[in-house]
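Novice: Encoded as structure tokens, here's the structure I'll be asking about.
Taken together, the values in this text are just the output of simple stated rules run on the coordinates, not laboratory data. This one's a predicted model, so the numbers in the text were calculated from it and none came from an experiment. Positions of Cβ are backbone-derived with ideal geometry, glycine not excepted, and every protein chain shown enters the neighbour counts.
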Amino acid sequence: MAKLKREKKLIDIWVRIRCTGGRSFRSRRERWWFIAVANCNSTRGLHLDYKILMTNGPPSDRWRYHFSADEFSVLQTDIAFFVCSCALVVVTIVFGFALRQRQLLHTTYRMFIAVQCLDTGALLFAVVANVRYMADGVGAPGARTLADVLAAAATLVFQLLLILLAKGFTVTRGRLRQASAVKIAVFMTVYGVAYACVFVTEAALFDPGLVLYTYESLAGYVLVAIRIVGWLWFVYATIFTVKHYPEKWRFYLLFFAVYSAWFLAAPVVVVVANFRIAKWVRAKVVNGIERAIGFAGRAFFLALTSPVAVNKVRHGKNQSKTCEERESILKRENGQFINLTAQYHYSGCTNVVQGDKSDVYFTSRQRASN
């Protein structure tokens, strides 16, 4: 028995090999490097435990040392947009207080504040994850996942907000038909489930060596398809609203042009990136363009809903009209009168019910008597 133990120990000594070392690779451009380990004297293969630290440049270059070539400048881009997003949040809150004082803090603007906070939080956790990765080459997977979840939530809420405005919510009407509300709820639920499936698929099936970013996978293409469906609904809702409320065509013309571009920008970027942009620059290019598209969309919405702009969109020229003239521009919808000037205070009009000023006023003698 003692002899067998000594032989087993001897065998373990011969078959266990531990080696350390380093190699430097130089190239004029970014390349993919593959490392293979083999034992030419064995017919049973290898049982290998390994740890490889791959770096770019000298340790003093902290912006590149731990990052892959396709990730260069991603951290700088995220930091820049995080700072800009923080500034946008401050302006959004200031405008919110101004609108509240004027009793014009609508549901849609509250949703926009939520979008701003979600997107800024996503950028914050993305920066935290990348800073950690810059320090140790491992990063913070939890922070990265949280950043993706917050970004997805911001996208969902913002698309919901755009569709609601396209249907005239808080611009030409104070409430949606029940059928429309159900359709929107179903669409957003499907969209949310699709995003959840993307996260599950990414965690379970994605190979980091083959999939560089979300939209390179089948799940990413599904998200693109749903976004296009959302744009088609946005188009239909806008046309329908302008048809029934032609006095709002100036507002909706600009709104439709800008946010049609916003809806379609992501699918176009995905197609161009997957087929025309080299793999070793694809991730950082798409990241920068996505950040720019998101920021531009939110910045334009902030300008569109500023205290000055809201006055023009929801008041128009009807401020100087008499009570009789104001009543003449009321249209009947679902048995109720809806004020097309949306949120104008009808002081002095005896037949007006002064309800919640954060939404469109409903005006009718029948409701006043009730």
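Novice: Got a sec to turn the phi values of the range 154-168 into Karplus ³J(HN,Hα) couplings, 6.51 cos²θ - 1.76 cosθ + 1.60 with θ = phi - 60°, whole Hz, x for Gly and Pro?
Specialist: 4, 5, 4, 5, 5, 5, 4, 4, 5, 5, 5, 5, 4, 7, x
Novice: Ok, one more. Once you compute Rg and the Kirkwood Rh from C-alpha atoms, what is the Rg to Rh ratio for the range 141-298? Spell out each step's value before the answer.
Specialist: Numbers: Rg = 17.1 Å, Rh = 17.0 Å.
That ratio equals 1.01.
Novice: Count the lysine pairs in the range 69-314 whose Cα atoms sit under 17 Å apart, keeping only pairs 8 or more residues apart in sequence or on different chains.
Specialist: On the way: Lys167/Lys183; Lys167/Lys243; Lys167/Lys248; Lys248/Lys312.
Taking the range 69-314 as the scope, the lysine pair count is 4.
Novice: Kirkwood Rh over Cα pairs of the range 218-266 into Stokes-Einstein at 25 °C, 0.890 mPa s: D in µm²/s? Don't skip to the end; give the middle numbers.
Specialist: Numbers: Rh = 11.6 Å.
Calculated translational D: 212 µm²/s.
Novice: Sort largest first and round to whole Å: the equivalent ellipsoid semi-axes of the range 76-123, each the square root of five times a Cα gyration tensor eigenvalue.
Specialist: Values: eigenvalues 115, 23, 5 Å².
Rounded to whole Å, the semi-axes are 24, 11, 5.
Novice: Sticking with this structure for a sec: Can you list the HN-Hα couplings for the range 283-299, worked out from phi with the Karplus curve (6.51, -1.76, 1.60; θ = phi - 60°), rounded to whole Hz and with x for Gly and Pro?
Specialist: Values per residue, Gly and Pro as x: 4, 6, 5, 5, 4, x, 5, 4, 4, 5, 5, x, 5, 4, x, 6, 5 Hz.
Novice: Could you tell me the calculated FRET efficiency between Phe97 and Arg177, based on Cβ-Cβ distance and R0 = 41 angstrom, to the nearest 0.05?
Specialist: Working: r = 33 Å, r/R0 = 0.79.
It comes to 0.80.
Novice: Quick one: Trp231, Trp63, Trp33, fewest Cβ neighbours within 10 Å first, how do they rank? Could you put the intermediate results ahead of the total?
Specialist: On the way: Trp231 20, Trp63 14, Trp33 8.
With the sparsest Cβ surroundings first, the list reads Trp33, Trp63, Trp231.
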